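See structure below.
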Amino acid sequence: MIEAAPILIISAVVVLAVAMMIMQENRRQKNEFKKKISRSWGRKPDTVWSAEEFESISHYFKNELFDPDSYRVDDITWNDCDMDRIFRAAAATMSSPGDSILYAWLRKPSFDAGELSERDRLIEFIQSDEKTRERLLHVLAETGRMRGLSFYDYLAALRDAKRIGSGKFIVLGAAMLSGIVMLFVNPLVGLGIILPTMAVNIAVYLKSRDTTKMQIRSFSCILKMIRAAEKICALKVPAFEEISSELHEAVGKLEAFKKGAFLVTSSGRIGTGIADMILEYMKLFFHADLIKFDQMLNSVSGNEEACLALLRGIGTLDAACAAASFREYLPVSCRPSFAETEKEGSSRKAVIQAKGMVHPLLQNAVPNSFTVSGGNLITGSNASGKSTFLKSTAISQILAQSIMTVPAEEWKAPFLRVFSSMALTDDLVKGESYFIVEIRSLKRIMDAASDGTGIPVLGIVDEVLRGTNTIERISASSQILRRIAGEEMIIFAATHDIELTYILDGVYRNLHFEEEVREKDVVFNYKLVEGRALSRNAIALLKIAGYDESVVTGARAQAERFEKTGEWKL
């Protein structure tokens, strides 16, 4: 007993030293994480997704929320406004569920003031409470992402998963166990059982594990979300009470799934400890994880909604964190104010009031302030700021109805459905020319403007019908623009056709961007001003570019003659 005392003391010291080392490492990792959060908060995120992973983010929206009969930001508008870039700039998310929910918010703007108010409350709380935010972000970071696909796609993979049948694995495991027992009775017989059984077990295990790899990763996703949900509930944050309640209920439905889950979800994981090695050999020779596989699949079956509830709850908190960080990142931001359409006589009109609006991705962007309703024609030379202004307006409204954050000093508007027709190209797959693509794009705006839903449209059009000749372009454009300028519509149409500003006078308000031509340069101020563009700067640029004076004076004289006579003549 006396001789054992030094051994016990040494053992206790070793255990204590190891425990202190573990505690110190945990403290170091926690401090490193806090520093990382502090460095990344309010900055553009540096998350890198592969093309497959980025595409996977959209699948929750496309498969769970897509409704052909309800409004969503369609592909044309999404691409016109570079919304993939906007998403990347806003996605300071920590987890795959956060990616999916944030994307869904942007892709399907809300028309529910209560829903948006609750979303804003979460964002504001997270933005203001640094201590809770750090604790929440730590949980979300532990949830993380999986390589290749989103959590949603891994969950979807379980819907068609096939049972592998545990019977044969139990038999093979029992055969291995009987061989080990027989070693102590008759070593030769024991070896005779163990060696062939071991070979069969390894071959069967490796083959079966390959066929269940996708489902095992799906189980890992569920287990990660269960752990995250339990930790979020344990935070006991009153601001998260409703979400915590939903998470707690979902975890309760998946209680059977958790038991022994580590046997399956650890498959293929490379560990360096003795325990990891023993566990891997147990699975290899006794098929413990494959025996458990069907039981876990049965636990998920019928509880798909509980799994989605975990994704929604965790994703909502993560997306709110990202939106709060995005507010800090933007050089200027405000919460939008949603107003009813204004009454004007016997009709009503939609009005946008903006102060200091900028494009969210531009450095040192020039702010614009405006109050608009109905139809608005925008003229001005190339590079004067027309397209950027149009995109900024559309993006601002989408952000207003998704993350309650607008890159402006003030933003007041009714709920709007945003449709654009800007960066179009030929459709080579369908064999459609640019002009065909363009008129189809404009037709969807016209249809939305007259569909009788009662929700106004914000229509954004850049260079109306640029894909055809001047005479037909002007005549068709004037008729289309006149048709879509309804009472509750807000239409911005940029054009180089000054003729439209006269044809549509009284139907459309004229606005323009100016520039100043100096001796050897053109200076743009990127400010939206009242009236139509009247400058001859395009011709003046010929001189700056070194064209002969006769070309410049001839072009100017020809333009002036056309304005007086309406005829082109050399």
Response to the item:
Tilt, helix 470-484 to longest principal axis of the chain (alpha-carbon atoms), in degrees rounded to tens, equals 70 degrees
Worksheet entry | Distance (nanometres) between label positions extended 7 Å along Cα→Cβ at Lys236 and Asp210 | 5.2 nm
Response to the item:
To the nearest 10 degrees, the tilt of helix 241-253 (Cα long axis) against the first principal axis of the alpha carbons of the chain is 40 degrees
Worksheet entry | Peptides 76-84, 176-184 ordered by average Cβ neighbours within 10 Å, highest first | 76-84, 176-184
Discussion item. Once you place label points 7 Å from the Cα toward the Cβ at Glu340 and Gln353, how far apart are they in nm?
Written reply: 1.6 nm
Discussion item. Shape verdict for segment 64-169, please, from the Cα gyration tensor: rounded (a/c under 1.5), prolate (a/b greater than b/c) or oblate.
Written reply: oblate
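Taking 0.36 nm per intervening residue step and subtracting the Cα-Cα distance, what contour gain separates Glu472 from Val522 on full extension?
Full-extension gain reported as 14.8 nm.
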Worksheet item: Any number yet on Rg/Rh for segment 489-529, C-alpha, Kirkwood?
Response: 1.08
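Computed FRET efficiency, Cβ-Cβ of Arg135 and Thr47, R0 30 Å: what is it to the nearest 0.05?
0.90
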Item to complete: Please work out, to two decimal places, the log10 of the ratio I(q)/I(0) at q = 0.10 Å⁻¹ from a Debye calculation in which every Cα of the chain carries one identical scatterer.
Response: -0.95
Item to complete: Kindly write out, for segment 82-97 in residue order, the coupling ³J(HN,Hα) from the Karplus curve 6.51 cos²θ - 1.76 cosθ + 1.60 (θ = phi - 60°), rounded to whole Hz, with x marking Gly and Pro.
Response: 6, 5, 4, 5, 4, 4, 4, 5, 8, 7, 7, 7, 9, 9, 4, x
Fill in: Alpha-carbon centroid distance for the pair segment 139-183 / segment 283-359, whole angstrom
30 Å
Discussion item. Among 168-175, 55-62, how do they line up by average Cβ neighbours within 10 Å per residue, starting with the highest?
Written reply: 55-62, 168-175
Practice prompt. Order the peptides 144-157, 102-115 from the highest to the lowest mean number of other Cβ atoms within 10 Å of their residues.
Written response: 144-157, 102-115
Worksheet item: Per residue, how much accessible area does segment 429-517 show when a 1.4 Å probe rolls over the protein heavy atoms, in square angstrom?
Response: 46 Å²
Worksheet, complete the sentence: Amide H neighbours of Tyr526 at under 5 Å, excluding residues fewer than 5 places away on the same chain, with H built from the backbone geometry, are Glu514
Worksheet item: Under a point-charge model restricted to the Cβ atoms of Lys and Arg (+1) and Asp and Glu (-1), what is the dipole moment magnitude of the chain relative to its Cα centre, in debye to the nearest 20?
Response: 1400 debye
Response to the item:
For segment 295-308, Karplus-derived ³J(HN,Hα) couplings (6.51, -1.76, 1.60; θ = phi - 60°; whole Hz; x for glycine and proline) come out as 4, 5, 5, 5, 5, 7, 4, x, 10, 4, 5, 5, 5, 5
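Report, to the nearest whole %, how much of the accessible area of segment 436-508 belongs to carbon and sulfur atoms, 1.4 Å probe, protein only. Intermediate values should be presented prior to the final figure.
Working: 1670 of 3150 Å².
Taking all protein chains in place, segment 436-508 shows 53 percent carbon and sulfur surface.
How long is the gain from Glu255 to Leu195 if the chain were fully straight, where each residue apart is worth 0.36 nm and the alpha carbon distance is subtracted?
17.7 nm
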Worksheet item: Applying the Karplus parametrisation 6.51 cos²θ - 1.76 cosθ + 1.60 with θ = phi - 60° to the phi angles of segment 498-503, what ³J(HN,Hα) value in whole Hz is obtained for each residue in order, glycine and proline being reported as x?
Response: 4, 4, 5, 5, 8, 4
Worksheet item: Tell me, what is the per residue accessible area of segment 130-260 in Å², probe radius 1.4 Å?
Response: 53 Å²
Worksheet item: Pulled fully out, how much extra length does the chain show between Glu409 and Asn79, if you take 0.36 nm times their separation in residues and subtract their Cα-Cα distance?
Response: 116.2 nm
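The values are calculated or read from the model by the stated rules, or taken from the named source; none is laboratory data. Everything quoted here is computed from the prediction, not taken from an experiment. Every residue, glycine among them, receives a Cβ derived from its backbone with ideal geometry; neighbour counts consider all protein chains shown. Surface areas here come from the heavy atoms of the whole protein model, side chains and all, with no ligands, DNA or RNA. Shrake-Rupley method; radii C 1.70, N 1.55, O 1.52, S 1.80 Å.
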